[in-house]
Each structure stands twice: as C-alpha cells, then as structure tokens.
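All remarks here apply to the structure that follows.
Values in this text are rule-based calculations from the coordinates and carry no lab data. Fair warning: this is a prediction, and the values are worked out from it, not measured in the lab.
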Amino acid sequence: MTNDTLPISSPVGLVAGGGVLPFAVGEALTARGVTPVIFAIQGFCDPVAVARFKHHWISLGQLGRLTRLLRAENCRDLAFIGTLIRPALSEIRLDWGTLRVLPRVWAAFRGGDDHLLSSVGRLLEKDGFRLIGVKDLAPDLLMPAGCLTRAAPDGDAAADIAKGCEVLRALGPFDIGQAVVVIDGHVVGVEGIEGTDALLARIAQLRTDGRIRAKTKRGVLVKMPKRGQDLRFDLPTTGLNTVEGVIAAGLAGLATVAGHTIVADPQPMIEAADRAAVFVTGLPA
C-alpha cells in the first residue's frame with residue numbers, strides 16, 4: 001500500500017449494481033488481504049458471479065436492511081460499485097429504515113444521478129459508516145496516464161480530445177453524462193441516460209445512415225467525471241465493450257482521465273484496440 005492510499009478496514013461492504021466491476025473490485029480486495037462482503041441489489045447484480053463471494057441480497061429502498069446487514073458483518077467501510085438504472089419511486093420497496101429518512105430520500109430523487117448516490121452515501125455516513133472510492137479500494141483498476149496502445153492520437157485527434165474535454169466541462173453542472181464524441185471538431189453525440197455503449201451504437205448507426213460522412217478512423221470518444229462530482233461515486237468506466245463500440249463507430253480512439261476512470265478488463269481492451277489500430281489514452285487529471 002502506498003503512503004497516499006487510504007487505509008482500509010476489513011471486511012469492506014460493496015453495494016453492488018450491474019456489470020463486472022463489483023467482482024473486479026472484490027478480487028482486488030481479496031488480493032490485498034481485505035475481505036469483501038457484497039450487498040447485491042436485486043434486479044441488477046449478476047446472481048452467478050456474486051455466488052463466489054460472501055453476499056447478501058437487498059432491494060432498492062431497503063436502507064434499513066442494508067444498515068443492519070453492514071453492522072452485522074462489521075463493515076465500517078463501504079462502497080457503491082456497478083451500474084444502476086435510476087428507478088421510479090413506485091419501483092422502490094421502502095422499509096422502515098428508509099421511511100425514517102423519507103424526506104431526505106425524496107430530496108435526493110429530485111437531483112441528478114450523482115446527487116442521488118451522494119445523498120444516499122451521506123445518509124449512511126450519518127449512521128457511522130465510511131464511504132470509500134475505487135481509487136482507494138482498487139487503485140490498480142484505474143486508468144494510467146499516457147497512451148496504452150500502439151496507435152496514438154495524431155494532431156487532429158488531439159484537437160478533438162481538447163474539444164471534447166471543453167464540452168464535458170461545460171455540461172458537467174447539468175448532470176447529463178460523462179462522454180462525448182467529437183469528429184473533426186464537430187460534436188456529433190453526447191452521452192445521455194442510455195450510457196456510453198448506446199451512444200457509440202448511435203454514432204455507428206448515423207454512419208450507416210449517411211448522417212456522418214467523415215472517413216473512418218476519424219474522431220474520438222472522450223470520457224471524464226463531471227466537475228464537482230464526488231469521486232467516490234459513479235466514476236467513468238471503460239473497457240473492452242467501450243473499445244468495441246469505438247471500433248464499430250469508426251472512431252480513431254478513446255481518451256479518458258487518468259486516475260479518475262475505471263478499467264475493469266485492461267488487457268482484453270488493449271488487445272482489441274491494437275488489432276483494430278485504434279488508440280486508448282489516459283489524459284492528465
């Protein structure tokens with residue numbers, strides 16, 4: 001453990017949504033000698049993958065049950081990991097622990113996704129838990145600085161990256177998304193509620209429909225956290241699926257912020273990028 005890494009108590013509670021990331025973090029903790037306990041959210045967490053870890057199932061809205069289980073497992077430190085589609089209030093199974101703080105839960109739902117996660121996190125912190133980010137739980141899963149692939153951004157791609165960063169900084173306060181596609185200086189797509197994979201699929205379809213006429217291997221996908229975002233929650237995530245989407249969309253590569261972006265499957269991602277001669281690069285924070 002480096003001197004700038006936050007000391008972690010064991011066991012650690014992982015409140016797990018969808019995707020492979022909760023299990024990558026669980027494996028990274030195990031390798032460090034820290035025991036992960038996964039609190040799997042029903043309808044989102046993979047029931048097959050979670051079986052190899054100590055785990056409990058919870059439903060959205062069961063804040064009281066989560067709090068009791070965290071204490072029973074002696075989990076002082078915890079993290080929110082994985083994808084989660086923002087639910088409607090009618091879809092949430094409220095328990096007494098949630099009803100006790102219902103006004104604050106209702107206020108959280110009136111904000112954006114990052115506001116919702118951070119608000120729930122603050123409720124748990126008031127109950128004595130400590131919220132930890134992936135940066136401290138599994139630093140090896142973070143994007144390093146510099147280019148990871150044989151291909152590298154040329155001057156045109158560098159200009160598109162700069163434009164993408166400028167756009168995302170401007171959009172950050174509106175909690176719209178964490179990714180943008182820029183081709184030859186033109187913003188052709190911004191991530192919305194559908195997520196990055198769907199954004200890239202939309203760009204690929206626009207090419208097929210003739211709405212994007214730029215040659216392939218032009219343009220970039222840029223991902224970065226929203227300005228002012230609590231970096232313990234909802235960091236941008238990239239990996240093999242993202243690179244495959246970049247390739248299908250005919251882009252030159254992917255740029256994301258080093259140290260503030262999660263890479264769950266780096267080796268397959270780099271190999272796929274190298275086969276297609278597209279770049280993956282980590283930008284200075």
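Which shape class, rounded, prolate or oblate, goes with the stretch 145-274 when its Cα gyration tensor gives a ≥ b ≥ c as root eigenvalues, a/c under 1.5 marks rounded, and past that a/b bigger than b/c marks prolate? Rounded, because the longest to shortest axis ratio a/c is under 1.5. Shape class of the stretch 121-186 from the alpha-carbon gyration tensor: oblate, with a/c at 1.5 or above and b/c at least as large as a/b. Of the cross-linked pairs Lys135/Lys223; Lys163/Lys226; Lys163/Lys215; Lys163/Lys223; Lys135/Lys163; Lys135/Lys226, which ones have a Cα-Cα span greater than 23 Å in the structure shown? Where the Cα-Cα span goes over 23 Å, the pairs concerned are Lys135/Lys163. Length gained on full extension, Ala49 to Thr35, computed as 0.36 nm times the residue gap minus the Cα-Cα distance: 3.4 nm. A simple rule links phi to the HN-Hα coupling: the Karplus curve 6.51 cos²θ - 1.76 cosθ + 1.60 with θ = phi - 60°, which for the stretch 201-211 gives 5, 5, 5, 4, 5, 4, 5, 4, 7, x, 7 Hz, with x for Gly and Pro.
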